[in-house]
Amino acid sequence: MPLDNIIIHNLGIEPYMQTYQAMHAFTKNRNEHTTDEIWLVEHLPVFTQGKVGKPEHLLTQSDIPVVQTDRGGQITYHAPGQQIMYILLDLKRRQIGIRQVVSYLENCVIQTLAHYDIVAYAKADAPGVYIDHKKICSLGLNIQHGCTLHGLALNINMDLTPFNYINPCGYAGLEMTQLNHYVSQIDLNEIRQLLTDQFIKQLLN
């Protein structure tokens with residue numbers, strides 16, 4: 001199968017567990033011939049806790065549900081106005097490792113933000129993408145049978161208040177930011193196109 005053959009789905013807005021279960025079903029049922037996929041989605045408000053997440057990073061109880069997941073990392077927040085990109089890749093077939101995939105995800109966000117003349121960067125000790133010490137993109141992955149699940153969450157135009165109810169990604173006092181703090185006119189279709197184009201470019205280089 002050609003490695004540049006990737007199916008992209010734009011799922012719109014979905015409840016977190018609906019996408020989570022579909023992602024796991026896809027991975028469980030795939031085989032060495034299954035085409036890799038990228039899923040673009042926004043979620044209804046939810047806190048998601050990583051598989052080694054510590055409950056003390058939830059600082060304030062609210063009516064926002066908290067869901068335990070099997071991705072890496074600690075607790076984070078999802079809501080409409082945040083663009084999520086899940087990557088369902090066969091790493092064995094592509095002969096790449098998890099550390100490379102993390103870098104590809106970070107770099108695709110950095111290049112997407114560069115399109116808007118925003119200087120962003122990654123940190124070796126804290127996965128994600130940052131602008132001026134503020135975090136704009138979180139990421140977490142899981143590997144099953146040599147295939148990836150989960151991906152990245154890029155803050156675009158959302159209510160950031162619930163991030164104050166947690167230690168984002170396990171870091172006390174970490175300030176979150178989003179694209180609309182830097183760009184007045186936002187075209188979500190353009191952002192989705194940039195993210196997927198830049199990620200696939202990283203993947204094929």
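The values are calculated or read from the model by the stated rules, or taken from the named source; none is laboratory data. Since the structure is predicted, the reported quantities are computational estimates derived from the model, not experimental observations. Cβ placement follows ideal geometry from the backbone for every residue including glycine, while neighbour counts extend to all protein chains displayed.
Below, the figures for the structure above:
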item	result
Residue satisfying all of: in the range 134-150; touching a Leu at 6+ places or on another chain (Cβ under 9 Å) and either part of a loop (DSSP other than H, G, I, E, B) or not hydrophobic (A, V, I, L, M, F, W, C) (or both); surrounded by the fewest Cβ atoms within 10 Å (Cβ to Cβ) among these	146
Cβ-Cβ under 8 Å pairs, at least 6 apart or on other chains, the range 67-88 side among the aliphatic types (A, V, I, L, M), far side part of a loop (DSSP other than H, G, I, E, B)	75/50; 75/53; 75/167; 79/44; 79/45; 79/158; 79/159; 88/30
Qualifying residues in the range 82-129 (those that are of a type outside the set (A, V, I, L, M, F, W, C) and under 19 Å from residue 158 (Cβ atoms)) - the one farthest from the chain's Cα centre (by Cα)	116
Criterion violated by residue 3 - all others in (1) at pLDDT below 95; (2) among the aliphatic types (A, V, I, L, M); (3) within 16 Å of residue 140 (Cα to Cα) satisfied	(3)
Filtered residues of the range 158-205 (kept if among the polar types (S, T, N, Q) and either buried (at least 17 other Cβ atoms within 10 Å of the Cβ) or assigned to a helix (DSSP H, G or I) (or both))	161, 164, 167, 177, 178, 180, 189, 193, 196, 198, 202
Criterion (surrounded by fewer than 19 Cβ atoms within 10 Å (Cβ to Cβ) and either in a loop (DSSP other than H, G, I, E, B) or at negative phi (or both)) met by exactly one of 124, 153	124
Conditions (1) under 30 Å from residue 94 (Cβ atoms); (2) modelled with pLDDT of 95 or more; number of the one not met by residue 160	(1)
Complete set of residues in the range 4-53 that are outside any strand (DSSP E or B), surrounded by 14 or more Cβ atoms within 10 Å (Cβ to Cβ) and charged (D, E, K, R)	30
Boolean, residue 205 is farther than 17 Å from residue 83 by Cβ, out of contact with any Gly (no Cβ under 9 Å at 6 or more places or on another chain) and free of Cβ contacts under 8 Å to residues at least 12 places away in the same chain	yes
Subset tally (residues that are touching a Leu at 6+ places or on another chain (Cβ under 8 Å), over 16 Å from residue 38 (Cβ atoms) and of a type in the set (S, T, N, Q)) for the range 77-126	1
Residue identified as farther than 26 Å from residue 63 by Cα and of a type in the set (Asp, Glu) among 106, 175	106
Filter result (out of contact with any strand residue (DSSP E or B) (no Cβ under 9 Å at 6 or more places or on another chain) and aliphatic (A, V, I, L, M)) within the range 26-68	52
Single residue of the range 54-74 satisfying the filter (hydroxyl-bearing (Ser, Thr, Tyr) and closer than 13 Å to residue 165 by Cα) that is surrounded by the fewest Cβ atoms within 10 Å (Cβ to Cβ)	60
Pair list, Cβ < 7 Å and 6+ apart or interchain, from the range 6-28 residues that are closer than 17 Å to residue 64 by Cα to residues that are of a type in the set (Asp, Glu) and buried (at least 16 other Cβ atoms within 10 Å of the Cβ)	13/42
Checking residue 111 against (1) surrounded by fewer than 18 Cβ atoms within 10 Å (Cβ to Cβ); (2) on the phi > 0 side of the Ramachandran plot, the condition it does not meet	(2)
